[in-house]
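The values are calculated or read from the model by the stated rules, or taken from the named source; none is laboratory data. From a predicted model like this one, the values you see are computed outputs, not experimental measurements. Glycine also receives a Cβ, built like all others from the backbone with ideal geometry; neighbour counts cover every protein chain displayed.
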Amino acid sequence: MIKNPKTGEMFPLIKSSKKSCKNIRVKIKELTTRKSLAIPKETVINKLNEVVRGWTEYSYYQNCTDDFSALKNYLEERLRIYLRRKRGKDGKGYRAYPYQYLYTTHNLYKMPTTAPLTQTAKASGIR
């Protein structure tokens, strides 16, 4: 149980499992490996958006702000690596593919970086 800093209410601490976080990272990596360079980038980005959006919506009402931030950074990094390899360029790709470029030009799904602290039903029954 943790305490909501705004209201002082107690609610259960529900987090994404390590296995779930690892699985989504594996899926992202599979979609952005060298094997997928022959696939059009629009198809790869649409599939990435689909996978990440599904995991995010499932985990949104849990306490996984740290997981969201880490996954968002990982997703951006893997997409930069994929785009850089696709064009045969060296380096990390931060200048060629800045943050806004990924979201505006390639329409990457913008993950939330924080999960909401929602008011939950009280276990004690006292209102």
Quick one: in the range 60-93, which of the residues that are farther than 24 Å from Cys21 by Cα and among the small types (Gly, Ala, Ser) is surrounded by the fewest Cβ atoms within 10 Å (Cβ to Cβ)?
-> Gly88
Out of curiosity, is Ala96 surrounded by 13 or more Cβ atoms within 10 Å (Cβ to Cβ) and outside any helix (DSSP H, G or I)?
-> yes
Selection within the range 65-97 - of a type in the set (A, V, I, L, M, F, W, C) and within 18 Å of Ile28 (Cα to Cα) | Phe68, Ala70, Leu71, Leu75, Leu79, Ile81, Leu83
For the range 95-115, enumerate the residues that are under 16 Å from Ala70 (Cβ atoms) and of a type in the set (Gly, Ala, Ser).
-> Ala115
Can you pull out the residues in the range 19-72 that are in contact with an Asp or Glu (Cβ under 8 Å, 6 or more places away or on another chain) and hydrophobic (A, V, I, L, M, F, W, C)?
-> Cys21
Going through the range 34-89 in order, the residues found to be touching a residue at least 24 places away in the same chain (Cβ under 8 Å), over 14 Å from Lys110 (Cβ atoms) and not in a helix (DSSP H, G or I) are Tyr61, Gln62, Asn63, Cys64
Does Ile24 meet the test of being among the β-branched types (Val, Ile, Thr) and in contact with a helix residue (DSSP H, G or I) (Cβ under 7 Å, 6 or more places away or on another chain)?
-> yes
Among the residues of the range 28-45, the number that are surrounded by 15 or more Cβ atoms within 10 Å (Cβ to Cβ) and either within 15 Å of the chain's Cα centre (by Cα) or of a type in the set (Ser, Thr, Tyr) (or both) is 5
Of residues in the range 48-59 being over 15 Å from Lys29 (Cβ atoms) and either surrounded by 15 or more Cβ atoms within 10 Å (Cβ to Cβ) or touching a helix residue (DSSP H, G or I) at 6+ places or on another chain (Cβ under 8 Å) (or both), the one modelled with the highest pLDDT = Asn49
